[in-house]
1. Please list, by residue number, every one of the chymotrypsin sites (Phe, Trp or Tyr not before Pro) in region 22-113 that is coil in DSSP and has at most 12 other beta-carbon atoms within 10 Å.
2. Once the piece of chain linking TYR73 and SER33 is laid out straight, how much longer is it, given 0.36 nm per residue of separation minus the C-alpha distance between them?
3. I'd like the trypsin sites (Lys or Arg not before Pro) in region 39-73 restricted to DSSP loop residues with at most 12 other Cβ atoms within 10 Å, sorted by number.
4. Please pull out the direction-averaged projected area of region 137-183, using the convex hull of its alpha-carbon atoms, in nm² to one decimal place.
5. Could you give each residue of region 10-23 its phi-based ³J(HN,Hα) in whole Hz, using Karplus coefficients 6.51, -1.76, 1.60 with θ = phi - 60°, and x for Gly or Pro?
6. Cα gyration tensor of region 9-102, axes a ≥ b ≥ c as square roots of the eigenvalues: rounded (a/c below 1.5), prolate (a/b > b/c) or oblate?
7. So for region 1-156, if I pair up every lysine 8 or more residues apart or on another chain, how many of those pairs have alpha-carbons under 27 Å apart?
8. Based on alpha-carbon atoms only, what is the radius of gyration of region 77-185 relative to the globular estimate 2.2 N^0.38 Å?
Amino acid sequence: MTIETRLKINISEAATEHFLINPRFTIQSLAGSLNMSAEDIFDLFPNRRAILEYYYESRLYLYQDSITEIDGYDQYTLSEKLSHLFLTLLDSFEEQREFVLTTYKEWVVWNKRKSAFIEIFLDELKTIFTNDPKTSRYSAIIQNRLLWKSILLQFHGLIAFWANDSSRMRENSMALADKWTSFIEEIFYTHIIDKGFDLGKFLWMNASLNKCITGENVTFPTLCGREQEIQEKDHE
């Protein structure tokens, strides 16, 4: 992580605290609390909203940085990698919980502008899935942006659960994340998708069935075979 990125993270974290005290805090007051000049902050951010939104973006930079410190991360299973992503974000959000509860829905879930947090999150999901050698062969067909977005929506649901979680140290939220990621791994590791595609391919390539379902009227295979026998007898 670069020095500039680390500085921007420190500024955004300080800004979240100022926001909770006064949502209309000034850049000057923020700079004073950080022993910086307002000009230095403006060199890094165009306005107050950009600083606050960078907080969410920076959580993923911290996650990416954490990966480099894990020995054998490449050997993690799909569930372990997804769990690390989700739990790292939850832990990070916990540090500024009140700010997240106040802004997440509006600034992340319903943000009409292009969100850097969402784009980086989707890219991380793509990297995790495409670099996993254990996923089933045909699952690559459904590994696309639609899948990443569906998981993102589920992550929003996890945040909603976490927001209302009163268990000790949010243990229920962590348990939910583990169970959810294990379920996703089960789907992509059990080769159910492969077997489904193989079955569909076999049925389609089967000559008698193919003839039945490609005609003008779709009929059941057994009926189709029976009708063929009747037509052959009538011809005789």
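The values are calculated or read from the model by the stated rules, or taken from the named source; none is laboratory data. Predicted model, so just to flag it, every value in this text is computed and none were measured. Virtual Cβ from ideal backbone geometry, glycine too; neighbours counted across all protein chains shown. These area figures cover heavy atoms from the full protein model, side chains too; ligands, DNA and RNA do not enter into them. Shrake-Rupley method; radii C 1.70, N 1.55, O 1.52, S 1.80 Å.
1. Loop-located and lightly packed - TRP110.
2. 10.6 nm
3. none
4. One quarter of the hull surface, i.e. the mean projection, equals 3.6 nm².
5. 4, 5, 5, 5, 5, 5, 4, 5, 5, 4, 5, 7, 8, x
6. Verdict is prolate for region 9-102.
7. 20
8. Working: Rg = 14.3 Å, N = 109, 2.2 N^0.38 = 13.1 Å.
Against the compact-globule rule of thumb, the ratio is 1.09.
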